1. Can you compute the modelled spin-label distance between residue 108 and residue 149, with each label point 7 Å from Cα toward Cβ, in nm?
2. Starting from the Cα-Cα distance between residue 300 and residue 22, subtract it from 0.36 nm times their residue separation and give me the gain in nm to one decimal.
3. Helix-only mean residue ellipticity at 222 nm, the chain, DSSP H runs n ≥ 4 weighted -39,500 (n - 2.57), per residue, nearest 500. What is it?
4. At 0.36 nm per residue, and after removing the present C-alpha to C-alpha distance, how many nm does the segment from residue 207 to residue 62 gain when stretched out fully?
5. Taking Cα pairs under 8 Å and at least six residues apart, what relative contact order does the chain come out at, in percent?
6. So how much slack lies between residue 251 and residue 317, counting 0.36 nm per residue of separation and subtracting their Cα-Cα distance, in nm?
7. As I understand it, the value is the acute angle between the Cα axis of helix 262-272 and the longest principal axis of the Cα atoms of the chain; what does it come to in degrees, rounded to 10?
8. Obtain the nm distance between the two label points defined at residue 341 and residue 370 by a simple spin-label model: each point lies 7 Å from its Cα along the Cα-to-C-beta direction.
C-alpha cells in the first residue's frame, strides 16, 4: 500500500491585511485555500491508496465557511479518484471539551470515504491490508498513553497517526494551546509507519516516524523549513518528499545598518527587493542588522510601501544596535537570548505588522529592564 502523508494545512489562516479584489477576503487566506486544492490535485495524480492528514486541517475550532467548502470540494475530488481520506483532530481544530462538536464531524456526512478521529479517544480504521491506528489531539497528556494501550496491531501493515510534539523536538515548542508532548515509547517499531502532525518542518524523528510538516509557511520562523508532503510505500519501506503548491517565502538577505543613515539603509533595502524574479505574491524577509530605533522610524514609508505592493508581504527582522552584545552573563544562562526567544514567540501569533512591531518593541524593553535588575542583584551578591 502507498499513502500520502500531509498535516497542518491550517485552512482559514489569514495574515498581512491585504484584500483579494476578486473575493473581498483576506488575500493570504484565499491563497491557502487555492494552494490546498491544487495540492489535492497533485496528490490525486500520484494515485495513492490513502491520503492521511495528521491534524490541524482547520486553523480554528469553528472554521470559516470558505474553509469548510474548500475541504468539501477536496473530498469530492478525492472521491472521484477513489482515494480514502483519513484525518485526525490537531490542537488547533480540537474541541476543548467533550461536549463541544468537532468541526471534523461534518466531514463524515460527505459521500466520500472519510475516516475522522476527533472524539478524544483511540480510533481504528482498516483499509485494505493496512490498519490505521488514530490518536487525535487529547484533552490531557495522559490521554495519549491510555489510547496507545488500546492498540492491537493487525496482521498486515500498521500505521499510527497522531498529533503532538515528539520528545526529541521539545526544544522547538510552538507554545500553542493544547500542545502536548508525545512519549518516545509511542514511536514503536511495531508500526510500519508513524504519521505525525504539529511540527511544521518536515522531519524524521525515528526510523519509521516522520513529520510531513505544514504544506504552507505559517510564520517567518519557518522560513528555512522543508514544506510539502510525504509519499510512503509501506511494502518497500520508502519515504519520499512531495513538493506541493504553496505561497513562496524568501529570505532576501541582510542590510548592515551600523553607522548608516536612513536613506542609505532604505537604498540597501530596495536593492534587495528586485522588480523581477520573485513571484508577486511572495512573503519576503530582510534582516536589518544593527539598526537604531530612531533611524528605523525615519525610513521613507512611502517608498517602502511601493516595494511592499509588489509582494504579499515584506517583513523586517530587526537586530537592534543595542542588542548586539550577549544579554546574560550568568554561567547557567550563557547563550540564552530571551529577547530573541520573545520575538520568535510573537511571530507565531500572526499579528499585523504594526502590532507585531509594537509588541516586540515594548516587550523587549520590559525584558531588558528585568535582565538589568537581575544583573544588579547578582553583582551585589557576595
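Read-outs throughout are calculated quantities, based only on the coordinates presented, and are distinct from any laboratory measurement. Treat the numbers as computed from the prediction; the structure is a model and nothing was measured. Glycine gets a Cβ as well: all are built from the backbone with ideal geometry, and neighbour counts include every protein chain shown.
1. Modelled inter-label distance: 2.5 nm.
2. Details: separation 278, 0.36 × 278 = 100.08 nm, distance 3.04 nm.
That pair, residue 300 and residue 22, stretches by 97.0 nm at full extension.
3. On the way: 8 runs with 106 residues, N = 382.
Taken over the chain, the calculation gives -9000 deg cm²/dmol.
4. Roughly 48.6 nm would be gained on extension.
5. On the way: 746 pairs, mean separation 51.2, N = 382.
Here the relative contact order equals 13 percent.
6. Gain on extension, residue 251 to residue 317, equals 22.8 nm.
7. Helix 262-272 sits at roughly 30 degrees to that axis.
8. 1.0 nm
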